[in-house]
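Visitor: This structure is in structure tokens; I'll ask about it shortly.
The values are calculated or read from the model by the stated rules, or taken from the named source; none is laboratory data. Not measured: the values here are computed from a predicted model. Neighbour counts run over all protein chains shown; Cβ positions are idealised from the backbone, glycine included. Each accessible area value is taken on the protein alone, full model and side chains, heavy atoms only, with ligands, DNA and RNA left out. Shrake-Rupley method; radii C 1.70, N 1.55, O 1.52, S 1.80 Å.
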Amino acid sequence: MTAPDRYGVMGYPIAHSRSPVIHRLFALQTEQNLQYDLIQVEPGELESAVRQFQREGGKGLNITTPHKGDAALLADELSDRARVAGAVNTLLVKDGELFGDNTDGAGLVRDLKSNQELELKGSHILILGAGGATRGILGPLIAEEPAQIVIGNRTVPKADALVMHFSDGVPIKACRFQNVPRNMEFDLVINATSASLKGEAPPYPESVISDKTVCYDLSYGLAPTPFSTWAKKHGASRSLMGWGMLVEQAAESFELWRGQRPDTKVILDQLEVNAL
Ligand code: NDP
């Protein structure tokens with residue numbers, strides 16, 4: 001048997017990532033001979049780690065916190081959605097060159113619409129956090145024509161920069177967590193901060209949650225995340241974690257690398273995460 005093609009995910013921290021399990025399940029389902037590893041890469045070390053991976057014959061990478069912006073700068077060519085996002089979560093090594101894509105937004109929208117059956121058109125959306133993940137999801141969310149998007153972030157200039165960048169099409173504004181409009185009902189509140197990875201709990205604005213609000217934490221865990229517990233406690237209609245997005249964005253990456261799209265429903269059932 002030939003050696004498996006090598007893939008992996010680079011990030012910091014990385015031990016929590018479930019991407020290896022998901023890609024191994026995809027590989028089994030589609031009968032692909034591949035290996036997928038966790039690769040811890042400290043901030044500022046992405047370029048040397050990617051170059052080493054290329055030298056060793058690696059075929060493709062997922063890139064996660066905090067390296068998505070750096071990966072966009074490193075890629076020789078970008079997909080349209082990665083260029084718009086200025087963030088890359090998927091690298092394909094092709095003829096010695098790096099092609100960068102961003103599958104986060106497509107993964108989230110597919111989970112929200114197909115798996116969770118949410119209507120995004122005309123909805124009011126609050127996004128907490130303005131890092132690489134928010135950059136990745138904004139374009140695809142805006143394409144769904146929500147009525148408004150508000151971005152709340154600890155560091156307001158970072159949210160302001162996103163508003164400037166994505167100002168075409170949908171009304172979008174930025175503010176601090178504490179200044180999220182209290183008189184506005186949100187249909188969807190997305191937690192795109194990495195606070196829970198560090199065991200931190202920012203001052204999430206509880207006034208925005210009504211019994212019609214769906215809360216979606218991009219972070220995920222085998223136990224409820226601090227944000228999903230907070231959302232339930234404050235009366236959200238549904239409190240979801242980012243397992244569906246994780247599996248859907250992984251399927252997009254897998255298709256880019258291997259030319260075959262796995263059946264994500266089977267994998268979500270195998271992971272039994274819908275029951276969490
Ligand atoms: P980044 O490091 O790029 O951005 C982190 C964001 O979190 C910033 O807006 C930062 O605010 C904010 N933040 C961090 N700590 C705190 C805190 N204590 N209080 C308030 N705000 C805080 O991370 P990413 O955008 O790449 O990832 C964000 C999260 O999304 C991660 O948990 C990641 O695992 C998850 N994710 C999940 C995916 C999935 O498929 N389910 C896909 C992609 C990401 P500031 O700007 O002030 O520093």
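Visitor: What does a probe at Leu197 reach in segment 102-121, counting residues whose amide N is under 16 Å from the point 7 Å along Cα→Cβ?
Guide: 103-105
Visitor: Restricting to segment 68-217, what percent of DSSP beta bridges are antiparallel, rounded to 5?
Guide: Bridges in segment 68-217 are about 20 percent antiparallel.
Visitor: Put Thr65, Thr103, Thr2 in order of accessible area, largest first, 1.4 Å probe: what do you get? Walk me through the numbers before you get to the answer.
Guide: Numbers: Thr65 55, Thr103 0, Thr2 105 Å².
Order by accessible area, largest first: Thr2, Thr65, Thr103.
Visitor: Kindly report, to the nearest 10 Å², the accessible surface of Lys173 as traced by a 1.4 Å probe over protein heavy atoms only.
Guide: 80 Å²
Visitor: Over 26 Å between Cα atoms: which of Lys121/Lys212; Lys121/Lys265; Lys94/Lys158; Lys158/Lys198; Lys198/Lys233; Lys113/Lys173 fall into that group? Could the numbers behind the result be given before it?
Guide: Values: Lys121/Lys212 16 Å; Lys121/Lys265 24 Å; Lys94/Lys158 33 Å; Lys158/Lys198 20 Å; Lys198/Lys233 21 Å; Lys113/Lys173 24 Å.
From Lys121/Lys212; Lys121/Lys265; Lys94/Lys158; Lys158/Lys198; Lys198/Lys233; Lys113/Lys173, over 26 Å: Lys94/Lys158.
Visitor: Moving on. Using a basic spin-label model with each label point 7 Å from the Cα along Cα→Cβ, how many nm lie between Glu185 and Lys265?
Guide: Taking the simple label geometry, Glu185 and Lys265 are separated by 3.2 nm.
Visitor: What is the ratio of the Cα radius of gyration of segment 91-155 to 2.2 N^0.38 Å, where N is its residue count, to two decimals?
Guide: Its radius of gyration relative to the 2.2 N^0.38 Å reference: 1.32.
Visitor: Considering only protein heavy atoms, what is the solvent-accessible area of Arg81 at a probe of 1.4 Å, reported in Å² to the nearest 10?
Guide: Counting only protein heavy atoms, the figure is 90 Å².
Visitor: Next question, about the same structure. Once amide H atoms are placed 1.01 Å from N in the peptide plane, what residues at a sequence separation of 5 or more from Ala147, or on another chain, have their amide H within under 5 Å of its amide H?
Guide: Amide H to amide H, under 5 Å and 5 or more residues apart or across chains, Ala147 pairs with Gly122, Ser123, His124.
Visitor: Given H placed on each backbone N at 1.01 Å, which residues far from Leu98 in sequence or on other chains put an amide H within less than 5 Å of it?
Guide: Amide H neighbours of Leu98: Asp76, Glu77.
Visitor: Roughly what would the spin-label model give for Asp168 and Gln52, points 7 Å off Cα along C-beta, in nm?
Guide: The modelled label-to-label distance comes out at 4.0 nm.
Visitor: Follow-up question, since we're still on this one. Among Thr64, Thr213, Thr155, which one shows the biggest mean-square fluctuation in a GNM of the chain, springs joining Cα atoms closer than 10 Å?
Guide: Of Thr64, Thr213, Thr155, the Gaussian network model singles out Thr155 as fluctuating most.
Visitor: Name the long-range amide H neighbours of Tyr216: under 5 Å, sequence gap of 5 or more, or other chain; modelled H, no Pro or chain starts.
Guide: For Tyr216, the qualifying residues are Val189, Ile190, Asn191, Leu240.
Visitor: Indicate, rounded to the nearest 5 percent, the antiparallel portion of the DSSP beta bridges found entirely in the chain.
Guide: On the way: 8 of 42 bridges.
Of those bridges, close to 20 percent are antiparallel.
Visitor: Which whole-number percent gives the relative contact order of segment 6-107, counting Cα pairs below 8 Å spaced six or more residues apart?
Guide: On the way: 175 pairs, mean separation 26.9, N = 102.
Worked out over segment 6-107, it gives 26 percent.
Visitor: While we're on this one: What accessible area per residue comes out for the chain, rounded to a whole number of Å², with a 1.4 Å probe?
Guide: On the way: 12630 Å² over 276 residues.
Normalised by residue count, the accessible surface of the chain is 46 Å².
Visitor: Viscosity 1.567 mPa s, temperature 4 °C: give me the Stokes-Einstein translational D for the chain in µm²/s, with Rh taken as the Kirkwood radius over C-alpha pairs. Mind dumping the intermediate values first?
Guide: Working: Rh = 18.9 Å.
Rounded, D is 68 µm²/s.
Visitor: Please give the per residue volume of the convex hull enclosing the alpha carbon atoms of segment 1-144, rounded to a whole number of Å³. Walk me through the intermediate numbers first.
Guide: On the way: hull volume 17.8 nm³, N = 144.
Per residue, the Cα convex hull of segment 1-144 comes to 123 Å³.
Visitor: Follow-up. In whole percent, what relative contact order does segment 93-163 give with Cα contacts below 8 Å and a gap of six or more residues? Walk me through the numbers before you get to the answer.
Guide: Numbers: 71 pairs, mean separation 24.2, N = 71.
Rounded, it is 34 percent for segment 93-163.
Visitor: Something else now. Write down, largest first, the equivalent ellipsoid semi-axes of segment 127-217 in whole Å, where each equals the square root of 5 times an eigenvalue of the alpha-carbon gyration tensor.
Guide: Working: eigenvalues 67, 53, 31 Å².
Gyration-tensor ellipsoid for segment 127-217: 18, 16, 13 Å.
Visitor: Would you calculate the convex hull of the Cα atoms in segment 164-276 and tell me its volume per residue in Å³?
Guide: On the way: hull volume 17.2 nm³, N = 113.
Dividing the Cα hull volume of segment 164-276 by its residue count gives 152 Å³.
Visitor: Pop out the ³J(HN,Hα) list for segment 193-200 in order, Karplus 6.51 cos²θ - 1.76 cosθ + 1.60 with θ = phi - 60°, rounded to Hz; leave Gly and Pro as x.
Guide: Each residue's phi maps through the Karplus curve to give 8, 9, 4, 5, 4, 9, x, 9 Hz.
Visitor: While we're here: Rounded to whole Hz and in sequence order, give me ³J(HN,Hα) for segment 6-21 from the Karplus expression 6.51 cos²θ - 1.76 cosθ + 1.60, θ = phi - 60°, writing x for Gly and Pro.
Guide: 9, 9, x, 10, 10, x, 7, x, 9, 4, 6, 5, 9, 4, x, 4
Visitor: Quote the relative contact order of segment 144-208 in percent (integer), defining contacts as alpha-carbon pairs under 8 Å separated by 6+ residues. Before the final figure, lay out each step's value.
Guide: Values: 66 pairs, mean separation 20.9, N = 65.
So the answer I get is 32 percent.
Visitor: Which value in nm describes the separation of the simple spin-label points at Gln178 and Thr155, placed 7 Å from the Cα toward the beta carbon?
Guide: In this crude label model, Gln178 to Thr155 measures out at 1.9 nm.
Visitor: Over the chain, with every protein chain in place, what whole percent of the accessible area is carbon and sulfur at 1.4 Å, could you tell me?
Guide: Details: 6180 of 12630 Å².
Whole-percent figure for carbon plus sulfur exposure: 49.
Visitor: I'd like the Karplus ³J(HN,Hα) series for segment 137-144: coefficients 6.51, -1.76, 1.60, θ = phi - 60°, whole numbers in Hz, and an x wherever there's a Gly or Pro.
Guide: 3J(HN,Hα) across segment 137-144, in whole Hz: 8, 4, x, x, 5, 4, 4, 7.
Visitor: If you don't mind, there's one more thing I want to ask. Report, in deg cm²/dmol and to the nearest 500, the calculated mean residue ellipticity at 222 nm for the chain, where each DSSP H run with n ≥ 4 adds -39500 (n - 2.57) and the sum is divided by the residue count.
Guide: When only DSSP H runs of four or more count, the value is -10000 deg cm²/dmol.
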